[in-house]
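Asker: The following block contains the structure, expressed as structure tokens.
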Amino acid sequence: ICFDQLAGIKNSVSKWAMDKHGLKVTYLPFLIKATSLALSSFPILNSRVDDGCENLIYQKQHNISIAMDTPKGLVVPNIKLVQELSVRDIAQELNRLSEITKAGRFREEDLAGGTFALSNVGSIAGTYTSPVIMLPQVAIGAIGRIQRLHRFDEDARVVEKRIAHVTWAADHRIVDGATIANFSSLWKRHVENPAEMILEMK
């Protein structure tokens, strides 16, 4: 995934967000919003199976679970109703969750009800991983560290790009490979073309 265009938008709003709201803006809120937008087109990836693995339940709420590394180990809270939130709202909730998980003050409701998970392994300098699905969820994504790598542009010139590798895992009892591949392509389009993504936001 190329982050060049998204980097421009993030950098242009970072100072404003800090000055006006005291808010540190990272890439992750944009990636979470892109996930929600893509889930709207592929709702099966936001479903869950019941305890007996007999019924598939579609879920309207996009409660995106985010794996967070803390001094006491991995904690996976979730941001509720992402489909109704702005990128700023998501950034504020991420900051709140980060603070309370590091302090060990999270509540049960912060952890319950996740419908789809993202693991930001890039935050701990990881580049690749094989993410493990958090049952009863049916899919998960893992985002690697952004690196400056050389790529060919449209004119066959070597240019430097901000590149991160993303891996997906899905429960193939529920989701076929074509569905997760098409979801990934749409998510990639949102991330690489953030101006278009903004037009899709509600």
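Asker: Once every DSSP H run of n ≥ 4 in the chain is given -39500 (n - 2.57) and the sum is divided by its residues, what mean residue ellipticity at 222 nm do you get, rounded to the nearest 500 deg cm²/dmol? Walk me through the numbers before you get to the answer.
Answerer: Working: 6 runs with 75 residues, N = 202.
The per-residue figure over the chain is -11500 deg cm²/dmol.
Asker: How high is the relative contact order of the stretch 14-66, in percent, with contacts defined as C-alpha pairs under 8 Å that are six or more residues apart?
Answerer: 21 percent
Asker: So with the 1.4 Å probe, I'd like the accessible area per residue for the stretch 32-190, rounded to whole Å².
Answerer: Values: 8490 Å² over 159 residues.
With the other protein chains kept in place, the stretch 32-190 gives 53 Å² per residue.
Asker: May I ask you to derive the relative contact order of the stretch 80-202, considering only C-alpha pairs under 8 Å and at least 6 residues apart, and to give it as an integer percent? Mind showing how you got there, number by number?
Answerer: Numbers: 143 pairs, mean separation 22.4, N = 123.
Computed value for the stretch 80-202: 18 percent relative contact order.
Asker: Another one. Sort Y58, Y27 by heavy-atom solvent-accessible area, probe 1.4 angstrom, most to least.
Answerer: Y58, Y27
Asker: Which far-off residues, 5 or more places away or on another chain, put their amide H under 5 Å from the one on N120, with H placed in the peptide plane?
Answerer: Correct list: A67, I143.
Asker: While we're on this one: Considering amide H positions built from the backbone, and no H for Pro or chain starts, which residues 5 or more places from Q147, or on another chain, come under 5 Å of its amide H?
Answerer: Under 5 Å from the amide H of Q147 lie the amide H atoms of I163, A164, each far enough along the sequence or on another chain.
Asker: Distance from the Cα centre of the stretch 17-94 to that of the stretch 133-187, in angstrom?
Answerer: 17 Å
Asker: Quick check: at a probe of 1.4 Å, how many percent of the accessible area of the chain sits on carbon and sulfur atoms? Before the final figure, lay out the partial values.
Answerer: Numbers: 5690 of 10960 Å².
Result for the chain: 52 percent of the exposed heavy-atom area is carbon or sulfur.
Asker: If you don't mind, another one. Would you kindly derive the ³J(HN,Hα) couplings of the stretch 63-71 from the backbone phi angles with the Karplus curve 6.51 cos²θ - 1.76 cosθ + 1.60 (θ = phi - 60°), listing them in order in whole Hz, with x for Gly and Pro?
Answerer: Along the stretch 63-71, the couplings run 9, 8, 7, 10, 6, 10, 7, 10, x Hz.
Asker: Can you list residues whose amide H is under 5 Å from H62's amide H, if they're 5+ apart or on another chain and H is modeled 1.01 Å from N?
Answerer: The answer is L81, V82, Q83.
Asker: Just to make sure I understand: if all protein chains stay in place, what is the order of T26, T101 by accessible area at 1.4 Å, largest first?
Answerer: My answer, sorted largest first, is T26, T101.
The values are calculated or read from the model by the stated rules, or taken from the named source; none is laboratory data. No experiment lies behind these values; they were computed from the predicted model shown. Just so you know, the surface numbers come from the protein's heavy atoms only, side chains and all, with ligands and any DNA or RNA stripped out. Shrake-Rupley method; radii C 1.70, N 1.55, O 1.52, S 1.80 Å.
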